Amino acid sequence: MTPEKRLNQIEPLMAEHSAQLDLHTAQLRRISLSVQTIAEGVGQQTDNIVFLLNEVAQIKQVQEQHTQFLNQQSETLQAILNILQQRSNN
């Protein structure tokens, strides 16, 4: 087989492989952009979750303060009721 015939056989194969490489390169670029978009979305959602967790922590803190206040008020009211009962019994 002459070198020219070998070249004629190799050229179509090289062209086909080159076309496949171009296709794969384009696919990889699209995948890369998709991954980047997803990563940005995950980053935003992470920020949102952190914000919400901080808000929940603050709400729990305020709820605890309100619970303590209500417990104190309940004790005060109970003490007042006890005093009123003692007075009404005397």
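The values are calculated or read from the model by the stated rules, or taken from the named source; none is laboratory data. Keep in mind that this is a model prediction, so the values were computed, not measured. In this analysis, Cβ positions are derived from the backbone assuming ideal geometry, glycine residues included, and neighbour counts consider all displayed protein chains.
State which residue pairs qualify: first residue without any contact (Cβ under 8 Å) to a residue 12 or more places away in the chain and inside the range 1-14, second residue part of a loop (DSSP other than H, G, I, E, B) in any location, beta carbons under 9 Å apart, and separation of 6 or more residues or different chains.
From residues that are without any contact (Cβ under 8 Å) to a residue 12 or more places away in the chain, the pairs are GLN9/MET1.
Regarding the range 73-90, can at least one residue be identified that is outside any helix (DSSP H, G or I) and either at pLDDT below 95 or loosely packed, with under 10 Cβ neighbours inside 10 Å (or both)?
Within the range 73-90, one or more residues are outside any helix (DSSP H, G or I) and either at pLDDT below 95 or loosely packed, with under 10 Cβ neighbours inside 10 Å (or both).
Among the residues of the range 1-29, which ones are exposed (fewer than 10 other Cβ atoms within 10 Å of the Cβ) and charged (D, E, K, R)?
GLU4, LYS5, listed by residue number.
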